[in-house]
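The values are calculated or read from the model by the stated rules, or taken from the named source; none is laboratory data. The shown structure was predicted, so the numbers you read here are calculated from the model rather than taken from an experiment. Neighbour counts are summed over all protein chains in view; Cβ atoms, including those assigned to glycine, are modelled from backbone coordinates with ideal geometry.
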2 protein chains.
Amino acid sequence: MHRDLLAANDVLAGKNREIIEGMGAIALNLISAPGSGKTTLLEKTIECLADRVHIGVIEGDIETARDAERIRAKGVPAVQLTTGGACHLDASLVNKGLHALADKLNGGDLDLIFIENVGNLVCPATFYLGEHKRAVLVSVPEGPDKPAKYPRAFMGADLFLITKTDLLPYFDFLVDEARSEALKLNPELEIISLSSVNNDGFDQWITFLEGLLNLTPLAQTP
Amino acid sequence: MHRDLLAANDVLAGKNREIIEGMGAIALNLISAPGSGKTTLLEKTIECLADRVHIGVIEGDIETARDAERIRAKGVPAVQLTTGGACHLDASLVNKGLHALADKLNGGDLDLIFIENVGNLVCPATFYLGEHKRAVLVSVPEGPDKPAKYPRAFMGADLFLITKTDLLPYFDFLVDEARSEALKLNPELEIISLSSVNNDGFDQWITFLEGLLNLTPLAQTP
């Protein structure tokens, strides 16, 4: 039955992909534990890119609309999905989110859609939402053992973001250990370590997005 | 079907409770996101109490036996349960863990059993394991909005531990905000903020455990 559920999810995710591409957009699914800095990363990314790129955001949370409010404050259309208890987004919820996002655009196009999943390093890894790329985030305070302990999230990701690197002086977090553990699980994984506070490594993240969108890189980011 | 699954879980959890009490022990179920400091809290707690209290630990992880190895290094019996992908412990797995713990004791008794759940602030909240008390942990780097965003974990808990308070100077984390949000969800919740690094508030946690075990408090802890 679980397999049927995932198969039905994947069919609907394929339809989401068509909707996303019909908007002219590339979509990224962001997966992490609670408090890894997903929303802060998006706020900062919008500041860097919003004058060149049309961004839309779908926010997943169990309860509250706080994250969508934070994103809207940056002048970008954002839809809040609340799962009402469920521990992950699925393709059906994201389908509703995409239609709501389209309504906000009044026929306008998007270049880039971020789907911020529910804070959970486990269950979201199983559900394809129609995204083009999937990023998994681990923040420095969480510790470098997370890839080994939560392997599925890393096996299914294209990009591994090590966040809050401004906190490295206060933690026993060896970036190389986290990198090599993640690469053991998924040798194709692209890995960027960055801070949304002091901008360390943030240019690599922006370059990654520019590559995805076939943009000419700016001389200086952020 | 989900309801049947939970009902079957609760029946088995009742049996776990009998096994725990047959060992003479009180059990605590610790729930948090990945990297909130559950294992470090247990290491420190063992250092404070192990000369007065017989402690046993059941460690839940999706993969790896690292946490049980850390606990065993403190001289305390520990059993590692790996869920092989599942995002929470259930009563059936903990039943296996209790039998494995009993085997390690060779007929000896325990006073206190910690069950460290899989790092996940969502799904473990739904599964009763037979514990006497349930604690939910949020670390300062995760942010004070976690009670509002993950309400079920707080509604079902007896104790809310705000961990890593030594990091308060580096974060916009208002302890009072986290406290009041949690109390809105669960007015009976006991709340302790503490650090396993600089010992701030750690005496309150030890006093809580002493109360649970009807121990005479020591003059100075830790």
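Taking the residues in segment A:77-95 that are farther than 12 Å from residue A:128 by Cα and within 12 Å of chain B (Cβ to nearest Cβ) as candidates, determine which candidate is surrounded by the fewest Cβ atoms within 10 Å (Cβ to Cβ).
A:84
Return the residue satisfying two criteria in turn: it lies in segment A:1-31 and is in contact (Cβ under 8 Å) with a residue 24 or more places away in the chain and within 14 Å of another protein chain (Cβ to nearest Cβ), and of such residues it is surrounded by the most Cβ atoms within 10 Å (Cβ to Cβ).
A:31
Do any helices (runs of 4 or more DSSP H) entirely within segment B:120-222 hold 3 or more residues that are within 25 Å of residue B:94 (Cα to Cα), and if so, which? Before the answer, list the steps.
Values: elements: B:146-149, B:151-155, B:175-185, B:202-212.
Of the helices (runs of 4 or more DSSP H) lying wholly inside segment B:120-222, those with at least 3 residues that are within 25 Å of residue B:94 (Cα to Cα) span B:151-155, B:202-212.
Between residues in segment A:140-159 that are at the interface with another protein chain (Cβ under 7 Å from one of its Cβ atoms) and residues that are of a type in the set (S, T, N, Q) and part of a helix (DSSP H, G or I), which pairs lie under 8 Å by C-beta distance while being six or more apart or on different chains?
A:152/A:126
Please state which one of A:7, A:13 is more than 14 Å from the chain's Cα centre (by Cα), at pLDDT 95 or above and more than 22 Å from residue A:138 (Cα to Cα). I'd like the intermediate steps shown before the answer.
Values: A:7 fails: at pLDDT 95 or above.
Answer to the selection: A:13.
Please work out which one of (1) surrounded by fewer than 21 Cβ atoms within 10 Å (Cβ to Cβ); (2) assigned to a loop (DSSP other than H, G, I, E, B); (3) more than 10 Å from chain A (Cβ to nearest Cβ); (4) at negative phi is the condition residue B:69 fails and give its number.
(2)
Among the residues of segment B:127-135, is any in contact (Cβ under 8 Å) with a residue 60 or more places away in the chain, within 30 Å of residue B:199 (Cβ to Cβ), within 14 Å of chain A (Cβ to nearest Cβ) and of a type in the set (A, V, I, L, M)? Reasoning before the result, please.
Keep residues of segment B:127-135 that are in contact (Cβ under 8 Å) with a residue 60 or more places away in the chain, which gives B:127-135.
Next, from what is left, pick out any that are within 30 Å of residue B:199 (Cβ to Cβ): B:129, B:131-135.
Within this subset, residues satisfying the condition of being within 14 Å of chain A (Cβ to nearest Cβ) are none.
Among the residues of segment B:127-135, not one is in contact (Cβ under 8 Å) with a residue 60 or more places away in the chain, within 30 Å of residue B:199 (Cβ to Cβ), within 14 Å of chain A (Cβ to nearest Cβ) and of a type in the set (A, V, I, L, M), which makes the answer no.
So if I check each of A:149, A:164, A:104, A:133, which one is out of contact with any His (no Cβ under 8 Å at 6 or more places or on another chain) and at positive phi? If you could, list the steps in order and put the result at the bottom.
On the way: A:149 fails: at positive phi; A:104 fails: at positive phi; A:133 fails: at positive phi.
Result: A:164 is the single residue among A:149, A:164, A:104, A:133 that is out of contact with any His (no Cβ under 8 Å at 6 or more places or on another chain) and at positive phi.
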